[in-house]
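First comes the structure, then the notes that go with it.
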Amino acid sequence: MDLGLKDKVALITGGSSGLGLAVARTLAEEGARTAIASRSAEKLEQAAASIGPRASTFVCDMGDTDAREQLVGRVEKTLGPIDILVVNGGGPPPGGFDDVSPQQFDQAINEHLGAAVSLFHGVVPGMRRRGWGRILTITSLFVKAPGRNMILSNTARAAVCALTKSCANEFARDGITVNSLLPGYTATERLTSLTETMAERTGKSRDDVVDELTAGIPARRLGDPKEFAAVAAFLCAEQASYVNGVALSVDGGATPNLF
Ligand SMILES: NC(=O)c1ccc[n+]([C@@H]2O[C@H](COP(=O)([O-])OP(=O)(O)OC[C@H]3O[C@@H](n4cnc5c(N)ncnc54)[C@H](OP(=O)(O)O)[C@@H]3O)[C@@H](O)[C@H]2O)c1
């Protein structure tokens, strides 16, 4: 199926590794011109080299309000108007209510909800003028079923999903779709680091921690970032024009909820 993505311009934040990189790579394979953004110039260069000539790099810390407000302008100066925005980034640190400070809550809300708001403001006026746009927010399976010891992620991601759904209602008439993808346990650097932390906390080996995680997933395995990226690419496609405001789990069936 031709997804109609040839020469579309896509900005993927958190695009230097893991899910963001996999999404950028798949969009580039479908012919899109991709702008990948993250904090580390070195990681970005490596990521762009792995994607090929359809990738450009932009250093930007999503926690820095001024930097993220300038990001869309920087990308558009280099690549032209942005057709596709994928809002992604690092995950907040694990912990329960007693483990995290009010400042850490502020930081998590700023880096996730604040970043999405800034980026939406940057891209939506142009998408509205052109009558076409695709926006994805990458959140977490914890939006539908809050995870234990993940209070920052549970809280900040639910807020991003509420923003996503609200904006889908407002932007749909202008040909813009706004959806959220909720990854489950997927084999990326972040998951490695989370499982190492869990192993340290519990005194178990990392392999045992991974076995325990996968035992709770109907698919009985971790996800592959490519599986996630294929779903993201479809939601960015012409053919997905009537899919709007969804919070779609890509988690091997791990979310126990019916809806
Ligand atoms: N993998 C999973 O199993 C899983 C499950 C549920 C939810 N998620 C969520 O999905 C998202 C992506 O996960 P992942 O596994 O792909 O993580 P990852 O491999 O750690 O990648 C995170 C990406 O975000 C960038 N980043 C981190 N902090 C940033 C900041 N302040 N500003 C700009 N870029 C930043 C990183 O690059 P730099 O270091 O260069 O900034 C990197 O490109 C995360 O929010 C994660 O919590 C993942």
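Remarks
- Identity of the residue in region 142-152, outside any loop (DSSP other than H, G, I, E, B) and out of contact with any Ser or Thr (no Cβ under 6 Å at 6 or more places or on another chain), that ends up nearest to Q104 (Cα to Cα): L152
- Checking region 212-228 against the condition returns no match, with no residue being under 23 Å from the mean Cα position of the chain (by Cα), β-branched (V, I, T) and modelled with pLDDT under 95.
- Listed here are the strands (runs of 3 or more DSSP E) enclosed by region 30-141 that have at least 3 residues being farther than 18 Å from L5 by Cα and touching a residue at least 12 places away in the same chain (Cβ under 8 Å): 55-59.
- Pair list, Cβ < 9 Å and 6+ apart or interchain, from region 216-245 residues that are over 30 Å from G175 (Cα atoms) to residues that are away from the ligand (no atom under 16 Å from the Cβ) and aromatic (F, W, Y): none
- Identity of the residue in region 177-216, in a loop (DSSP other than H, G, I, E, B) and more than 26 Å from V86 (Cα to Cα), that ends up farthest from the ligand (Cβ to nearest atom): G203
- Qualifying positions in region 119-143 - more than 15 Å from the chain's Cα centre (by Cα) and either buried (at least 19 other Cβ atoms within 10 Å of the Cβ) or at positive phi (or both): G122, V123, V124, M127, G131, G133
- Test: N244 is more than 22 Å from M150 (Cα to Cα), more than 10 Å from the ligand (Cβ to nearest atom) and in contact with a Leu (Cβ under 6 Å, 6 or more places away or on another chain): no
- A count restricted to region 24-42 and to residues that are aliphatic (A, V, I, L, M) and more than 9 Å from the ligand (Cβ to nearest atom) stands at 5.
- Candidates in region 217-248 are the residues that are part of a helix (DSSP H, G or I) and among the aromatic types (F, W, Y); of these, the one that is farthest from K8 (Cα to Cα) is F228.
- Residue within region 27-34 that is farther than 22 Å from P81 by Cβ and modelled with pLDDT of 95 or more present: no
- Boolean, L248 is closer than 25 Å to L5 by Cα and not charged (D, E, K, R): yes
- Inside region 145-154, residues that are crowded, with 19+ Cβ neighbours inside 10 Å and either touching a residue at least 60 places away in the same chain (Cβ under 8 Å) or of a type in the set (V, I, T) (or both) make up a count of 3.
- Output for region 67-84, where each listed residue is surrounded by fewer than 22 Cβ atoms within 10 Å (Cβ to Cβ) and within 13 Å of the ligand (Cβ to nearest atom): A67
- Among the residues making up region 40-56, those that are in contact with a strand residue (DSSP E or B) (Cβ under 7 Å, 6 or more places away or on another chain) and more than 18 Å from E29 (Cβ to Cβ) are A41, L44, E45.
- Search result, residues across region 1-14 that are of a type in the set (G, A, S) and more than 6 Å from the ligand (Cβ to nearest atom): G4, A10
- Under the condition of being in contact with a Leu (Cβ under 8 Å, 6 or more places away or on another chain) and within 10 Å of the ligand (Cβ to nearest atom), the residues counted in region 143-156 number 3.
The values are calculated or read from the model by the stated rules, or taken from the named source; none is laboratory data. The structure displayed is predicted, hence computed values, not measured ones. Neighbour counts are summed over all protein chains in view; Cβ atoms, including those assigned to glycine, are modelled from backbone coordinates with ideal geometry.
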